[in-house]
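Every read-out reported here was derived from the displayed coordinates using simple, explicitly stated rules and does not represent laboratory data. None of these values were measured; they are calculated from a predicted model. Glycine gets a Cβ as well: all are built from the backbone with ideal geometry, and neighbour counts include every protein chain shown.
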Amino acid sequence: MNAGLEDVVAAQTVLSDVDGKNGRLVVRGVSLDDLVATSTYEDVLGLLFDGFFPLSGAMPGALGTARLAVFEHLAAADPALVALPPVDGMRALLARLADGDDLQSALRLVAAPAVFIPALLRLKAGQAALAPDPSLPHAADALRMLTGAMPTQQQAAALDCYLVTVADHGLNASTFAARVVASTQAGLTSSVLAALSALKGPLHGGAPGPVLDMLDAAASPERAPAWIAAELARGHRLMGFGHRVYRVRDPRADALKAALRRLASAGAIDPARLALAEAVETAALAQLKAKKPDRPLDTNVEFYTALLLEALGFPRAAFTGVFAMGRVGGWVAHAREQAETGKLIRPSSVYVGPQPQAAA
Ligand code: ACO
């Protein structure tokens, strides 16, 4: 039995390839390096959807229109829903979207996290939710709906780079959950709800908030090595390190670190915060290597995600929801790809419980 399904092939996909040995990510034939250098989130969405949905017209406009359509679902957001953690509030709002299979349903699902997360954060703070501006790029509009001000070009580019970087990543736990539900022909909304539920756990997309808790606790570059040693001695896992597939550095960590450096040169992030993160990373890598010499544990995407989203003004409780803002494009494309196979995913289990008593 293989409890974590490690190395088990459960799907054939044209969407993305994670090469864990060489630290390489390819999305529809384009390497992550090229993708972040040349593409917006809307471009990547066009790439992911190509052949799965009948794309007509420009993606930025279509996604903007979809943002406006989902904003209407906020009207009945009750206080109990607003009081939930942002990712749970968003899940409840997403469940209001009709379970279709067409392009409009797909676009509404992709648009939803960028509308719902900023709105829920504003409502929680006692402010009015801001309506989308369909003429803006997706990332810039999400930041404007969060803060109420137009983001700088560097801020919008940093969030766009993040969304591109996390848009798709092979058969990760949330994408697999989406494909399992899609294989029953349940529809795109049900598939995305399953994926979001899988994403929120700390072993998957729930890690970046705890990364900041770790930086706060480590407090200074000088104290970082001793703090990390104490955490590992207690048997705690270091958030933002290790990966099921990558045995070298996660290429997404480099893409995000480069985006952070660009923000730092624009004066949009405290250089002391970046220096603390680099000290924690260096100490963590050295100590993980000494503790687990046979298990390469390197920096994963969540480590620099935490700093990037903090610098853009998202509270740490909302980080998983922002992850969903990008990954939802991959979930929808994978759900569609799986549904088109017409094959139900239904693995087997080994029964280890008691057998019925033989009649006396
Ligand atoms: N810190 C300390 N030890 C670790 C870490 C870590 N971050 N990651 C793995 N290990 C250790 C485990 O304790 C285990 O040791 P053991 O064999 O003595 O019990 C060994 O390395 C192997 O760990 P597994 O959990 O079997 O490896 P798996 O491939 O299942 O785990 C995972 C991958 C869940 C990401 C793990 O590395 C982890 O928990 N990391 C911290 C959480 C995190 O950063 N999650 C985000 C992942 S990226 C993403 O999903 C977008």
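What ranking, highest mean first, results for peptides 199-207, 163-171, 340-348, 22-30 when packing means the other Cβ atoms within 10 Å averaged over each residue? Let's see the in-between values first.
Numbers: 199-207: 19.0, 163-171: 24.8, 340-348: 10.0, 22-30: 17.3.
With the highest mean Cβ count within 10 Å placed first, the list reads 163-171, 199-207, 22-30, 340-348.
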So what is the relative contact order for segment 32-110, in percent, with contacts set as C-alpha pairs under 8 Å and at least six apart? 31 percent
Order the peptides 104-112, 275-283 from the highest to the lowest mean number of other Cβ atoms within 10 Å of their residues. 104-112, 275-283
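Looking at the chain only, what percent of DSSP beta bridges run antiparallel? Nearest 5 please. Intermediate values should be presented prior to the final figure.
Working: 7 of 9 bridges.
Antiparallel: roughly 80 percent of the beta bridges in the chain.
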Looking at A195, P151, V30, which one has the Cα that reaches farthest to the positive end of the dipole of the chain (charges on Cβ: Lys, Arg +1; Asp, Glu -1)? A195
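How large is the dipole of segment 81-126 about the Cα centre if only Lys and Arg carry +1 and Asp and Glu carry -1, each at its Cβ, rounded to the nearest 20 debye? Please report the intermediate quantities before stating the final value.
Details: 5 positive and 4 negative charges, 61 e Å.
Dipole about the Cα centre, nearest 20: 300 debye.
When the dipole is taken about the Cα centre of the chain, and only Lys, Arg (+1) and Asp, Glu (-1) are charged at their Cβ, what size is it in debye, to the nearest 20? Before the final figure, lay out the partial values.
Numbers: 32 positive and 34 negative charges, 146 e Å.
Value, rounded to 20: 700 debye.
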The ³J(HN,Hα) series, computed from each phi in segment 263-270 with the Karplus coefficients 6.51, -1.76 and 1.60 at θ = phi - 60°, rounded to the nearest Hz and given as x for glycine or proline, is 5, 5, 5, 8, x, 9, 8, 5
What is the distance in Å between the Cα centroid of segment 123-191 and that of segment 217-273? 23 Å
In Å and on Cα atoms, what radius of gyration and Dmax does the chain show? 20.8, 81
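What net charge is computed for the residues neighbouring G205, neighbours being all others with C-beta under 11 Å from the C-beta of G205, Lys and Arg scored +1, Asp and Glu -1?
On the way: positive: K200, R327; negative: E302.
In short, +1.
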Cross-link candidates for K257: which lysines have Cα within less than 24 Å, leaving aside residues fewer than 8 places away along the same chain? K21, K200, K289
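Using the Cα gyration tensor of segment 27-133, with a ≥ b ≥ c the square roots of its eigenvalues, what is the shape: rounded (a/c below 1.5), prolate (a/b larger than b/c) or oblate (neither)? Working shown, then result.
Details: a/c = 2.29, a/b = 1.79, b/c = 1.28.
It comes out prolate by the Cα gyration axes.
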Output the relative contact order of segment 230-360, whole-number percent, from Cα pairs under 8 angstrom with separation of 6+ residues. 31 percent
Using alpha carbon centers only, segment 302-349 is separated from segment 1-72 by a whole-angstrom value of 10 Å
Using a basic spin-label model with each label point 7 Å from the Cα along Cα→Cβ, how many nm lie between R346 and T65? 3.9 nm
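Magnitude of the Cβ-charge dipole of segment 250-360, K/R +1 and D/E -1, about the Cα centre, nearest 20 debye? Provide the component values of the computation, followed by the final result.
Working: 14 positive and 11 negative charges, 31 e Å.
I would put it at about 140 debye.
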Once you compute Rg and the Kirkwood Rh from C-alpha atoms, what is the Rg to Rh ratio for segment 85-138? 0.99
What percent of all Cα-Cα pairs in segment 150-210 falls into each 5 Å bin, going from 0 up to the bin containing the maximum distance? 4, 17, 18, 20, 16, 12, 8, 3, 1
Here segment 176-182 yields Karplus 3J(HN,Hα) values (6.51, -1.76, 1.60; θ = phi - 60°; whole Hz; Gly and Pro given as x) of 4, 4, 4, 5, 4, 5, 4
Dipole axis of segment 20-75 (+1 Lys, Arg; -1 Asp, Glu on Cβ), positive-most option in Y41, L74, P60: Y41
Can you give me the convex hull volume of the Cα atoms of segment 278-344, divided per residue and expressed in Å³? 140 Å³
What relative contact order, as a whole-number percentage, does the chain give when Cα pairs under 8 Å and 6 or more residues apart are counted? 24 percent
